[in-house]
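Notes for the one structure printed next.
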Amino acid sequence: MSRPLIGITTSLSEGPEARQAVDWLYVEAVERAGGCPVLLPMVSQRQALEPLLAQLAGLVITGGPGIIQGLIGQLPADLPPVSPRRAQADAWAFEAVQSRGRPVLGICYGMQFINACRGGTIYADVQAQLGTGPHSPARNNNQEVRHPLHLVAGTHLAALAGGGGTQVNSFHLQAVERLGAGLRASARSPEGLIEGLESEDGRLVGVQFHPERLPGTVWERLFGQLVRAAG
């Protein structure tokens, strides 16, 4: 069976020696799930990317810096804003894949990005704004942050987990404040933060944690589900 092409977005460090980069764990997760991982370049004009976008069977929107679309409050000093070039490239990829009815998995920044694109809003600094505990090692003396996950009954995410996966990792400073159009919450943290969202048909999925860093757990199934839907 041929492997469906799964686009993977990248991050950008700007400056005299600009670099595109992505955590290789995303690539490995897509490969293990049976997909063909394709890193998406950042280009100046959409038409330069359209021939590739037209071939994608699915998309992973990876973690990244601070979302500025739909923002509630001001970004904290320890969270740089997403570069305009990355934000534009992500939007082109998301729009192209969605317009063809292809599945999308958004991870951390990617989940927030999907929500903002659907008209939802994002807390700029959820710890400061809601008084939660730290949800990132950067705010926890570089110590790992894990917490229980409360799955919403009747959602695609709950069915995928099959009663497992109650502990997840955490690397975020921002969080979803109000859900965008056509989205529903599929998981929450103990404080009530939205940790998962999805469309009614399950072809649009976002999680606040990082499943690519949880191999061998039920959350690896997120990539399998994406590849199956893409195929």
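No value in this document is a laboratory result; all are computed from the given coordinates. Nothing here was measured: the structure is a model prediction, and the numbers come from that model. With ideal geometry, Cβ positions are generated from the backbone for all residues, glycine too; neighbour counts draw on all protein chains shown.
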Antiparallel content of DSSP bridges confined to the chain, in %, to 5
55 percent
Please give the contour-minus-distance gain from Val218 to Ile72: 0.36 nm per residue of separation, less the Cα-Cα distance, rounded to one decimal in nm.
49.3 nm
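For the residues Cys108, Cys117, Cys36, what sequence is obtained by ranking on other C-beta atoms within 10 Å, fewest first?
Final ranking by Cβ density, sparse to dense: Cys36, Cys117, Cys108.
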Express in % the proportion of alpha carbon pairs of segment 5-230 at distances exceeding 23 Å.
43 percent
If amide H atoms are modeled at 1.01 Å from N in the peptide plane, then the residues at a separation of 5 or more from Ser170, or on another chain, having amide H under 5 Å from its own are Val145
For segment 101-173: span of alpha carbons on each principal axis (Å, largest first):
39, 31, 19
Built amide H within the under 5 Å cut-off of Leu183, gap 5+:
none
Of all GluC sites (Glu not before Pro) in segment 1-64, which ones are in loop regions per DSSP and have a Cβ with at most 10 other Cβ atoms within 10 Å?
Glu17
If you scale each eigenvalue of the Cα gyration tensor by 5 and take the root, what three semi-axes come out for segment 20-106, rounded to whole angstrom and sorted largest first?
24, 17, 12
Could you tell me the extents of segment 160-217's C-alpha atoms along the three principal axes, largest first, rounded to whole Å?
33, 27, 18
Sorted from largest to smallest, which semi-axis lengths in Å does the alpha carbon gyration tensor of segment 134-181 give for its equivalent ellipsoid, taking the root of 5 times each eigenvalue?
24, 16, 6
